[in-house]
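Student: Structure in structure tokens, see below.
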Amino acid sequence: MVLGLENIKGLEFLDKFNLSGILKNIGDFALLLILIAIGGGGVGLFLYYKKQKTLYDQKLHFFEEVSGQMIPTEDLKATELIVPGTSIKVFYVKSKGLYLPRGTKKMGKKSYWYAIRNNRELVNFVM
């Protein structure tokens, strides 16, 4: 029954019209699309963070000279880049927007120590 419209000649097809069934199917389809979008977004975020973790795998440890003693000040994650058109390798620290020359002395696997001297000079060093 659709508000008495079924009694009008030519509108007999409204007897078979099921609005609630159509809306239920549309709602089910919309729910499916929303669940696919949420699942795809979750997988996308997982893959993005996993890629960032493998990309920024170099550890840079900074020490500052205070009263003749080397005091640890900051630890950063960096990625190693090659300057286009050259064979020069540099570190890029995303959190600081900073490019540093690649250290030549390692202090462990993918770990470099830098000293910040009183004149703000950066020196790559080992113990």
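We did not get these values from a lab; they are worked out from the coordinates using the rules stated. Quick caveat: nothing in here was measured; it's all calculated off a predicted structure. Here Cβ is always computed from backbone atoms with ideal geometry, including for glycine, and neighbour counts include all displayed protein chains.
Student: If you take every DSSP beta bridge whose two residues both sit in the chain, what share of them, in percent to the nearest 5, is antiparallel?
Tutor: Given both bridge residues lie in the chain, the antiparallel proportion sits at roughly 80 percent.
Student: Angle, helix 19-55 long axis vs. longest principal axis of the chain, Cα atoms, 0 to 90°, nearest 10?
Tutor: 10 degrees
Student: Also, quick follow-up: Work out, step by step, the length gained on full extension between Ser95 and Lys16: first 0.36 nm times the residue separation, then minus their alpha carbon distance; give nm to one decimal.
Tutor: Length difference between fully extended and current span is 22.1 nm.
Student: If the only charges are +1 at each Lys and Arg Cβ and -1 at each Asp and Glu Cβ, what is the size of the charge dipole of the chain around the Cα centre, to the nearest 20 debye?
Tutor: Roughly 800 debye, rounded to the nearest 20.
Student: Pro72: net charge of surrounding residues, Cβ under 13 Å, Lys/Arg +1, Asp/Glu -1, itself excluded?
Tutor: In short, -3.
Student: Using the basic label-point model (7 angstrom from Cα toward the beta carbon), what is the Ser111 to Ile82 distance in nanometres?
Tutor: Those two pseudo-labels are separated by 2.8 nm.
Student: More than 20 angstrom separation, counting every C-alpha pair in the chain; what % is that?
Tutor: 66 percent
Student: For n ≥ 4 DSSP H runs only, could you compute -39500 (n - 2.57) per run for the chain, divide by its residues and tell me the 222 nm figure to the nearest 500?
Tutor: -10500 deg cm²/dmol
Student: Assuming R0 = 25 Å, can you tell me the calculated FRET efficiency for the pair Lys24 and Tyr48, based on Cβ-Cβ distance, to the nearest 0.05?
Tutor: 0.10
Student: Which order do Glu64, Glu121 fall in if you start with the one that has the fewest other Cβ atoms within 10 Å?
Tutor: Numbers: Glu64 16, Glu121 9.
Ordered by Cβ neighbours within 10 Å, fewest first: Glu121, Glu64.
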